[in-house]
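Only the coordinates and a few stated rules stand behind these numbers; no lab work does. These numbers come from a predicted model, not from an experiment. Neighbour counts are summed over all protein chains in view; Cβ atoms, including those assigned to glycine, are modelled from backbone coordinates with ideal geometry.
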Amino acid sequence: MDLLKQIEYLVVRGHIDATSRYPKDLEGEPGVQEKVSDALNSGFTPQDILMKGLICGMGIVGEKYEKNEIFVPEMLFSAKAMKRGLNQIRPMLVGDVSVHVGTVILGTVQGDMHDIGKNLVGMMLEGAGFDVIDLGINTPVSKFVDTARQYPEAVLGMSALLTVTMKNMKTVIDTLRSSGLKNRVMIGGAPVTQAFADEIGAEGYSLNANQAVSLAKQLLSA
Amino acid sequence: MFQKMRKPNFERLDITLRNGKADAIPLIELGIHPDIKKEIMGKPVITVREDIEFMRSLCYDFLKVQPRIDLELNRKKAEDESKATDRSWSSEHDSLVYDWESFEAYPFPKREDIDYSRLEEAGKLIPDDMGIIGQYGDIYTTVWETMGFETFSMLMYEEPELVAEMFRRIGDVIFSMFESMAQMDFVKVLWYSDDIAYSSGLMVHPDFLREHFFPWLKKIGDLASKRDIPFIYHSDGVLYDVMDDILACGVTALHPLEPISMDIGELKERYGHRIALCGGIDVDQLARANTDTIRELTRKYIRIAGENGGWAAGSSNSITEYLKTENYLTMIETVLKEGGR
């Protein structure tokens, strides 16, 4: 198996480095960190390591998650492994437009403190090469709008756990539009449906973190 | 309010929770927010006596009562701008137990901290035509909330014995509540609630649940089985991958059947002969739709789930403070009018 395939495999398995105890059968074996170093030392470009190793690995992770072959804990390990590798090559990629997929602003709406789902979406987007600006939980409308103004090309993603808080998504969209901002908006969360997205004028709805990646790509290219 | 339409009859609920066909479709809820109760009754509903009066007035055949203990230690508050709600949220990052040292230092609740006084009072006050449901839950939820979900996820694999010990500690205290409730003759149903799934699937691998969670559910199911009383299990989310496990634990009725997660028709077809179903009427619709839509939705559930018994009517989670009271009452009225036989 060549080095890039090994990196892809280790991201899928969520094996961060040689000291990681997960997964058990790889304990003591080199992880993503060591293999990314090996790849750099062997002359692979950071771009290839990112696109053909780390991102391909997270793509497989997303598919497995969607098929319920893996669950949130396993996905967290994969995301951490991916991030470890990404941090190693990030300084070499600064300013390289060829690897910039796009930017997504993410946040859980005002009044809502729930963020496992949002964080998974963020991890999957980063895993697919997006720059993610995470505004966190309980995000005021003004913070969404100010950030959207700062990044007019970015997709804006909102998450909500409850019917009562998801109403705040509409307020954000209305404020964006009345401010003349054209950022495309995608939404998700337990009570959110495609019908609700249509009703409030969101351009996209995603059922899970993996679908959010293809949706963000679609919204950026539309 | 609706007393003239139907008299309480606990047998109706009992038969239904055993997947039988009673004289009419009973009503059920895991929780009804105090603000909604207050709006309906025109006064706060606080005491056990007031709660019985409230439940009777809406034609429920039961009163659900919990033992009291403080397990919500790792929670934070959010101010909800759209409606001033003092809602608490489980922490997904902050970890109170993250290694053996913090485990040893953690002030775990003890069996002797549990307060059963409300249950005992309810036992004395409950009218003969109503029954008491003894309810508690959250072994799994308390473990992950105490550790924070991300830390819990990591430690599942990196310190499995620590996670196992957390389940033993928390499980022991919560199970003891069910042991005590099962010994109370006036408790006629046990109800365990603990969310293990999202609308997209289980939160963790089913094998993990089989090792750490289902053994507790089975122990509680055994208590209900020994008393020959119904046993309801509540979990949000898609449960198909563990339905056989749930059934093997002696669960006689499943709640709350979120429509975004599991379709009522599919559930009835695949599992309707093995387990009773409770709830299902979309909280989102109860919050946002009009009364005509709710009437039609309730009719649909009566037709699909209720006609042959084995369905107790109610919301797909609980009656939250943000849903429309008129919709809640319309759901009840439709069941009372059209759910008789």
Excluding residues on the same chain fewer than 8 positions from A:Lys35, give the lysines whose Cα lies under 25 Å from its Cα. A:Lys5, A:Lys24, A:Lys52, A:Lys64, A:Lys80, A:Lys83
Among B:Ala312, B:Ala122, B:Ala289, which one shows the biggest mean-square fluctuation in a GNM of chain B, springs joining Cα atoms closer than 10 Å? B:Ala289
Restricting to Cα pairs below 8 Å that are 6+ residues apart, what does the relative contact order work out to for chain B? Please round to a whole percent. 22 percent
When only DSSP loop residues count, what trypsin sites (Lys or Arg not before Pro) in the stretch A:29-109 have their Cβ near at most 16 other Cβ atoms within 10 Å? A:Lys67
Take the Cα coordinates of the protein assembly as shown, assign each an equal point scatterer, and use the Debye formula without solvent to give log10 I(q)/I(0) at q = 0.06, 0.08, 0.10, 0.13 Å⁻¹. -0.33, -0.58, -0.89, -1.37
Chain A: DSSP helices with Cα axial extent of at least 18 Å and average Kyte-Doolittle hydropathy no lower than -1.0: A:72-93, A:163-178, A:209-221
Fewest-first ranking of A:Ser214, B:Ser318, using other Cβ atoms within 10 Å as the exposure measure: A:Ser214, B:Ser318
Computed over chain B: longest principal axis from alpha-carbon atoms vs helix B:291-301 long axis, angle to nearest 10 degrees, is 80 degrees
Partner lysines for A:Lys170 [C-alpha distance under 24 Å; skip if fewer than 8 residues away on the same chain]: A:Lys118, A:Lys143, A:Lys182, A:Lys217, B:Lys77, B:Lys83, B:Lys324
Exposed-loop-free span, longest in chain A, where GluC sites (Glu not before Pro) count as exposed if DSSP calls them loop and at most 15 other C-beta atoms lie within 10 Å: A:70-152
Could you name the aspartates and glutamates in cross-link range of B:Lys268, using Cα to Cα under 18 Å and dropping any fewer than eight places away on the same chain? B:Asp236, B:Asp241, B:Asp244, B:Asp245, B:Glu258, B:Asp282, B:Glu307
Starting from the Cα-Cα distance between A:Glu27 and A:Arg90, subtract it from 0.36 nm times their residue separation and give me the gain in nm to one decimal. 20.1 nm
From the helices alone, meaning DSSP H stretches of at least four residues, give me the mean residue ellipticity at 222 nm for the protein assembly as shown, per-run term -39500 (n - 2.57), in deg cm²/dmol to the nearest 500. -14000 deg cm²/dmol
Sites A:Gln150 and A:Gln194 - FRET efficiency at Förster radius 30 Å, r taken between beta-carbons, to 0.05: 0.55
Calculate the spin-label point distance for B:Asp94 paired with B:Arg299, positioning each point 7 Å from the Cα along the beta-carbon direction, and give it in nanometres. 4.9 nm
To the nearest 20 Debye, how big is the dipole of the protein assembly as shown about its Cα centre, given +1 on the beta carbon of each Lys and Arg and -1 on that of each Asp and Glu? 1500 debye
Averaging sequence separations of C-alpha pairs under 8 Å and six or more residues apart, then dividing by the length of the stretch B:207-324, give the relative contact order as a whole percent. 24 percent
Please determine, in degrees from 0 to 90 and to the nearest 10, the orientation of helix B:149-158 with respect to the longest principal axis defined by the Cα atoms of chain B, where the helix direction is its Cα long axis. 50 degrees
Positive end of the charge dipole of the protein assembly as shown (Lys, Arg +1 and Asp, Glu -1 on Cβ, about the Cα centre): tell me which of A:Val185, A:Gly127, A:Ser78 has its Cα farthest that way. A:Val185
Between B:Asp244 and B:Gln183, Cβ-based FRET efficiency (R0 35 Å, step 0.05) works out to 0.75
Using only the Cα atoms of the stretch A:1-122, build the gyration tensor, take square roots of its eigenvalues as a ≥ b ≥ c, and label the shape rounded, prolate or oblate: rounded if a/c is under 1.5, else prolate if a/b is larger than b/c, else oblate. oblate
Percent RCO, i.e. relative contact order, over chain A, from Cα pairs under 8 Å lying at least 6 residues apart: 17 percent
Rounded Å value of the spacing that divides the Cα centres of the stretch B:220-282 and the stretch A:56-118: 34 Å
